[in-house]
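Taken together, the values in this text are just the output of simple stated rules run on the coordinates, not laboratory data. Since the structure is predicted, the reported quantities are computational estimates derived from the model, not experimental observations. Here the Cβ positions follow ideal geometry from the backbone for every residue, glycine too, while neighbour counts run over all protein chains shown.
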Amino acid sequence: MSGLLDKVKGYATEKLAKVPMPEASVTRVSYKSVSRQGITLHSEVDVNNPYSHRLPICEISYSLKSDGRVIASGTMPDPGWIAASGLTKLELPMKVPYDFLISIVKDVGRDWDIDYLLEVGLTIDLPVVGQFTIPLSTKGEFKLPTLADFFK
């Protein structure tokens, strides 16, 4: 009986390995807006769905870091659906309070750039497979808003 179970498990594992999976990528972080509480940055997650039916997104979790410190983190529960047989763009807004920006002034330097690492987990619900998280990351630098940005 044990040999039969091992064969079934092996067969199922082999078949699941050949199932096409959605693919995703994350764009660079950029400045979006400014408020009295802080600044809002954003990035986009592009998801390509190989299936002919839409897929539910369970959640998007993110962590934006600079110099090893977390600038912003959070989870967007139930952000919607991935369109069938195509590309879906999901916006990922991130709020950064001013007190954190003040604490990293030495990283900013003269050019008002902040080096960052953005880590994203896109959790979707695949038929038969169940919940599946696609890990994504991107790094680079973004410019902080200048005084002129406050008056736009």
Gain upon complete extension [Ala83, Cys58; 0.36 nm per residue less C-alpha separation]: 7.6 nm
Distance (nanometres) between label positions extended 7 Å along Cα→Cβ at Asp46 and Asp125: 2.8 nm
Amide H within-cut-off set for Glu59, under 5 Å, with H built and near neighbours excluded: Asp78, Thr123
Computed lengthening from Asp99 to Lys7, 0.36 nm per intervening residue step minus Cα-Cα distance: 27.3 nm
